[in-house]
Amino acid sequence: MRTLGEPQRAGLNVLHHAPDLTILNLVWGPGMTVMPHNHRMAAVIGIYTGREDNTFWRRVGVEENGVGRIEAAGGKALSARDCAILGKDIIHSVTNPIPRLTGAIHVYWGGDFFEIDKSEWDPETLCERPYDKEKVARLFEDSNAALTAAR
């Protein structure tokens, strides 16, 4: 908190980006949820303020159309000063369950975070599809619009 300051806006803020290592300051808006997704690289998540609830998912099969499905396989609630290590094959969804911003440092290694092909899963059907970066960016902006309206 001394270095980054109190979070003011939801967003994905790049602290370091290289072909094999990316460090992000992720700020989740109140009540914000990001659908199940993977990173296809290892990660460490450390919370510096607020709370981040992770639901972990596992692959359970393939639909007739060849689309992969998942089911919930556990979870972990992270509060300030907690951390979690995610293997390169982990699928997770993230929720900020509290009514204020949550700040977390996410460290990804083993590839270029912004270039590697990722997947997301529809939160209703739990079917796999390509990761939509623009949709995720809109989630952060929608959260900021809600924050502004509430002030």
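Within segment 62-113, the trypsin sites (Lys or Arg not before Pro) that combine a DSSP coil assignment with at most 10 other C-beta atoms in a 10 angstrom radius are R81. Of the residues V62, V34, V94, the one that moves most in a GNM of the chain with alpha-carbon contacts below 10 Å is V62. The helix-only estimate of mean residue ellipticity at 222 nm for the chain, built from DSSP H runs of length n ≥ 4 each weighted as -39500 (n - 2.57), is -4000 deg cm²/dmol after division by the residue total. Sparsely packed loop sites in segment 42-151 (the GluC sites (Glu not before Pro) outside DSSP H, G, I, E and B with at most 16 other Cβ atoms within 10 Å) comprise E63, E64, E115, E124. Just so you know, the averaged projected area of the alpha carbon convex hull for segment 11-145 sits at 7.8 nm². Our estimate of slack between V62 and A80, defined as 0.36 nm per intervening residue step minus the Cα-Cα distance, is 2.7 nm.
For D89 and C127, the difference between the fully extended length at 0.36 nm per residue and the C-alpha to C-alpha distance is 12.0 nm. Computed from label points 7 Å out along Cα-Cβ, the spacing between R69 and L4 is 3.7 nm. Compared with the dominant Cα axis of the chain, that is its longest principal axis, helix 133-150 is turned about 40°.
Laboratory data are not the source of any read-out in this text; all were calculated from the coordinates shown. Nothing here was measured: the structure is a model prediction, and the numbers come from that model. Cβ: placed from backbone, ideal geometry, glycine included. Neighbour counts: every protein chain shown.
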